[in-house]
Each structure stands twice: as C-alpha cells, then as structure tokens.
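Student: Here it is, the structure, as structure tokens.
The values are calculated or read from the model by the stated rules, or taken from the named source; none is laboratory data. Remember, it's a predicted structure, so these values are computed and weren't measured experimentally. Neighbour counts run over all protein chains shown; Cβ positions are idealised from the backbone, glycine included. The accessibility values were calculated without ligands, DNA or RNA, using every heavy atom of the protein model including side chains. Shrake-Rupley method; radii C 1.70, N 1.55, O 1.52, S 1.80 Å.
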Amino acid sequence: MLDKRISLFCGHYGSGKTEISINAALNLKEKNDKVAIVDLDIVNPYFRTAEHHELFQKSGIRLLSPTFAMTTVDIPGLPAQIQSVFDNPVEKVVFDVGGDDTGAVALGRYKHYLEKDSYAMYFVINVLRPFSSNVDDIEDLYRRICYRARIEAAGIINNTNYGAQTSAEDVIKGHEIILQASKRLDIPVSAVCAREDIAKELPDLGAPVFPIKTRMLPEWM
C-alpha cells in the first residue's frame, strides 16, 4: 500500500476510508517533501477529510476539497484545482473517495488522467458495518463502485472496527470474511488497518498491518 504516486481509497459509508486517507497522507509526508490529499466526497457532509484542514496545513500537506465543503451548501462542486495533482509527478497524492457507488461517480471523471499515471485504488471494508458484513454484500458494493468509478481496485483493505470497542479478535474475525471476498473478487488483501494499540496485538494475517491513529471523532467525543 502507498507504493504508487496516487493512492485512492473507496468503500461503504462508515468503512473508515477517510480515517485511512488521513493517516496515509501523514505517513507519506514523513518520507516525501510534496504530499496532497483530495477530499473527493461530494455526498457526505460529515466525517470528511476537509475537517482537518488545519492539521494538513501544519503538516505541509496540500488539501483540495469540493467547493463549499464545510459549509451549509447542499451540492458541492469539484474545483478545477484538483486537476493540478496530475501535473506534478513528484507529488504523492491521496484521494478520499465518496461513499458507495454514488460517491465513486466523481472519481470517474479522472479516469483518463489516472490511466496515464501511477495509481492504485483500494477497496476499504469494515465487516462490522451494515451492507458489507458478508461476501455477497461486499461483492455487490465492489461491483457498483467500480462500475461508477470506471476503474478496478488493486487491493482490499481490512478495516474491521467497531470504534472504541474494537478488539483484536474483531479484526481477526473480519479478516476471515475479507479473505473469502478477496478470493471471489480475485483481488489481494493489501493491508490490515487497526488502531495503534490493537495493531500490536494482531498475529500474522498474511498482509501488512497499517497502524491507525484515530482522528475522525464526533465533537461529543
């Protein structure tokens, strides 16, 4: 994971793709001078990458988000500046793609540019969320996202969690389902994401473990 110039994270609402996108961008910044993160979520007004604009600014990460993001405007638009990520070959880029196939539509408009670049799309799965708890649902969601985005995923990411109540056992059980989905879709499992303390407890699951620092929390928490 993160071995291509452009990394795209897609998945169901609540899969944790935004959390992963933020951690991925910060991880890349530790090793790269130029990093950008694109908030391509034009559907969900909550738990979006743009909420952490101050963190990105402090870290020296360039943030590009839909016009009117973080405002009361209901229908955001994609700014022309997003096009700039395809013009700088030395900049590492992370895309946080909108949830489900509806959000993936926005990604489809960049298919032509992605195919000329070095990129990988990752399908983030949290089996403890509705509509992605079994292989059939995972396959259906994947087919719909790829159809609307017009590109295929390079790998699956196991992000099985139940917030603060998550245990290492939850991640391990989720991995069993994800391995079945991986076999059916013929896509490898690229990473296992888990909260930093849980990551230390996981056995070898046959995929790299990517520790996550929780940043996407409701204001009441």
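Student: When you go through 160, 166 one by one, which is the residue that is open to solvent by less than 70 Å² (accessible area, probe 1.4 Å) and closer than 21 Å to residue 8 by Cβ?
Tutor: On the way: 166 fails: closer than 21 Å to residue 8 by Cβ.
Answer to the check: 160.
Student: What's the total number of residues in the range 122-143 that are closer than 17 Å to residue 186 by Cβ, out of contact with any Phe, Trp or Tyr (no Cβ under 8 Å at 6 or more places or on another chain) and in contact (Cβ under 8 Å) with a residue 12 or more places away in the chain? Walk me through it before giving the result.
Tutor: Filtering the range 122-143 down to residues closer than 17 Å to residue 186 by Cβ leaves 122-123, 125, 135-136, 138-143.
Keeping just the survivors that are out of contact with any Phe, Trp or Tyr (no Cβ under 8 Å at 6 or more places or on another chain) gives 125, 135-136, 138-140, 143.
Right, trim to in contact (Cβ under 8 Å) with a residue 12 or more places away in the chain and you get 125, 135, 138-139.
Adding up the residues that qualify gives 4.
Student: For the range 30-50, how many residues are at pLDDT below 95, open to solvent by 80 Å² or more (accessible area, probe 1.4 Å) and in contact with a strand residue (DSSP E or B) (Cβ under 9 Å, 6 or more places away or on another chain)?
Tutor: Of the residues in that region, 0 qualify.
Student: In the set 133, 182, which member is open to solvent by less than 70 Å² (accessible area, probe 1.4 Å) and part of a loop (DSSP other than H, G, I, E, B)? Break it down into steps so the answer makes sense when it comes.
Tutor: Working: 182 fails: part of a loop (DSSP other than H, G, I, E, B).
One residue alone meets the criteria, 133.
Student: Here is a follow-up. Among the listed residues 177, 187, which satisfies the condition of being open to solvent by less than 30 Å² (accessible area, probe 1.4 Å) and either within 19 Å of residue 131 (Cβ to Cβ) or touching a residue at least 12 places away in the same chain (Cβ under 8 Å) (or both)? Outline the logic, then answer.
Tutor: Details: 177 fails: open to solvent by less than 30 Å² (accessible area, probe 1.4 Å).
The unique qualifying residue is 187.
Student: Moving to a separate point now. Given the criteria modelled with pLDDT under 95 and open to solvent by 10 Å² or more (accessible area, probe 1.4 Å), does residue 119 qualify? I'd like the intermediate steps shown before the answer.
Tutor: Working: modelled with pLDDT under 95: no; open to solvent by 10 Å² or more (accessible area, probe 1.4 Å): yes.
Answer is no for this residue.
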